[in-house]
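Following: one structure in structure tokens, then a few remarks.
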Amino acid sequence: MSKTEKPVAAKQPARPTIKAVRGTRDLLPAETPLWNRVEATARAVFARYGFGEIRTPIFEATELFARSVGEETDIVSKEMFTWEDRGRAASEKNASLTLRPENTAGVVRAYIEHNLGESGALQKLYYIGPQFRRERPQRGRYRQFWQIGAEVLGPPSSGADSPLRDAEVLEMLASFLDELGVRGWRLELNSVGSVEDRAKYNVALREALDPVKAKLCLDNQRRAETNPLRVLDSKDEADQEIINALPKIADFLSPDSRAHFDQVLAALDACGVKYHLNPRLVRGLDYYTRTTFEFTVPSGDATGLGTQNALLGGGRYDGLSEMLGGPRAPGIGFAIGEDRLILTLQAQAEADGASVAASKLDAYIAPLGLAQNPAALALAKELRAAGLTVEVGDGSFKLRKSFEIADNIARNIVLLGEDEVSTETATVKTFATGEQQKVATNELQSHLRI
Ligand code: AMP
């Protein structure tokens with residue numbers, strides 16, 4: 001550097017920071033214990049009902065979702081993260097790929113691809129993982145969100161289309177929510193009939209919508225053209241009166257569909273699972289047939305969810321396997337919005353005044369002086385191997401600083417000075433009692449567990 005040149009580093013503007021993409025978020029250690037509890041409960045409950053875990057890829061061929069979820073749905077028409085693959089192999093060139101917006105299509109694809117129906121046995125599969133939709137982010141609605149879901153499917157001989165399966169899935173969900181301690185959940189239930197019933201209903205719906213269409217909001221006018229069933233999903237205040245007066249799907253169910261639904265209700269009654277019939281619950285995905293359902297929690301502050309109060313949704317999809325080129329494999333499934341379930345649990349715990357404070361470590365080991373660092377790390381190794389939760393400080397810290405940190409994160413502080421190391425002891429202070437004593441190293445484990 002010449003004499004006239006000045007160092008430039010100090011003058012450079014600070015680089016802008018990089019933030020998580022809108023609609024995505026980080027889950028920090030203060031929150032993840034609750035996520036883990038929810039997932040562990042799901043795994044335990046689902047296992048009791050004979051479900052096994054399946055993990056499918058996070059991206060799939062775009063056509064999988066177009067064919068199953070449906071071209072005209074909001075999800076496929078405007079919410080998918082889709083890109084053209086730049087793979088070099090001829091088979092990969094220009095392939096259209098999509099981050100999964102939901103997981104049922106992937107599970108059914110895997111069922112077909114691995115001939116899971118071949119044995120004739122009923123398949124009970126569950127998954128836990130992120131899904132992706134380009135939605136307008138708000139509380140309880142994200143672009144990357146988590147779903148815990150399950151599917152029951154199999155060849156007709158496996159009894160996969162039995163109403164008993166619908167009721168079993170619903171009863172399992174009720175038990176899961178109860179076991180987690182979710183209060184005030186409500187099961188909304190409907191039957192959208194067979195594909196044929198729905199086709200007849202669609203004709204009637206179009207006829208009824210025709211003279212009133214112009215009075216609806218623009219979104220509903222579009223839906224009335226492309227997918228009239230979706231008008232029933234609309235929450236637009238001004239359109240409610242017109243929507244409530246539209247024909248009901250219940251009046252278009254064939255005797256078979258009616259009998260199936262009645263048997264679902266009878267089995268739920270036998271299990272003591274309460275439900276509310278909601279003739280407008282048609283759900284946004286094309287593949288649903290017969291039973292459809294949603295579990296909601298009361299909206300508002302008590303749940304922290306506002307208008308996004310649907311905790312989970314699902315239904316029967318008897319024709320989905322065939323839509324994807326597979327064998328007949330009736331099925332029923334659901335997807336729980338894990339983010340919303342967590343928000344509900346947090347809000348309900350807060351309303352109870354329950355503290356959600358993270359549990360404290362068993363011990364914080366404070367080496368007194370750098371020379372004690374190796375002995376401190378070796379002691380931490382031993383205690384951790386015995387199953388204790390331990391953090392180690394650093395010999396450069398002042399005693400006061402070590403105490404401050406330890407008091408925040410641990411139940412005990414273990415002081416290791418030169419004297420302690422040479423006599424194979426440690427000085428332990430228990431914060432709750434204020435008691436401080438010398439403990440032989442070989443008795444530390446039992447001392448710290450109390
Ligand atoms: P769906 O796959 O649309 O039937 O959604 C099933 C459940 O996933 C819903 O009831 C929500 O709880 C949850 N969910 C759907 N979309 C989102 C989103 N963008 N953010 C958070 N949760 C969502």
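The values are calculated or read from the model by the stated rules, or taken from the named source; none is laboratory data. Please read all numbers here as calculations on a predicted model, not as lab measurements. Please note: Cβ atoms are built from the backbone with ideal geometry, for glycine as well, and neighbour counts cover all protein chains shown.
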How many of the residues making up segment 292-340 are modelled with pLDDT of 90 or more, polar (S, T, N, Q) and within 14 Å of the ligand (Cβ to nearest atom)? 2
Can you tell me which residue within segment 365-423, out of those that are assigned to a loop (DSSP other than H, G, I, E, B) and hydrophobic (A, V, I, L, M, F, W, C), is farthest from SER446 (Cα to Cα)? PHE397
Reported set for segment 78-92 where residues are touching a helix residue (DSSP H, G or I) at 6+ places or on another chain (Cβ under 7 Å) and within 16 Å of the ligand (Cβ to nearest atom) is MET80
Here's a check for you: in segment 140-185, which residue that is within 13 Å of the ligand (Cβ to nearest atom), outside any helix (DSSP H, G or I) and aliphatic (A, V, I, L, M) is modelled with the lowest pLDDT? VAL182
How many residues are in a helix (DSSP H, G or I), in contact (Cβ under 8 Å) with a residue 12 or more places away in the chain and of a type in the set (A, V, I, L, M) if we restrict to segment 186-225? 6
Report whether or not ASN244 is under 18 Å from LEU281 (Cβ atoms) and in contact with a strand residue (DSSP E or B) (Cβ under 6 Å, 6 or more places away or on another chain). no
Candidate set from segment 270-294 (those that are loosely packed, with under 15 Cβ neighbours inside 10 Å and assigned to a loop (DSSP other than H, G, I, E, B)); member that is nearest to the chain's Cα centre (by Cα): LYS274
Can you pull out the residues in segment 226-269 that are assigned to a loop (DSSP other than H, G, I, E, B) and surrounded by fewer than 13 Cβ atoms within 10 Å (Cβ to Cβ)? LYS235, ALA245
Among the listed residues ALA110, ALA95, ALA105, which satisfies the condition of being within 13 Å of the ligand (Cβ to nearest atom), in the same structural domain as LYS78 (by TED's automatic domain parsing) and among the small types (Gly, Ala, Ser)? ALA105
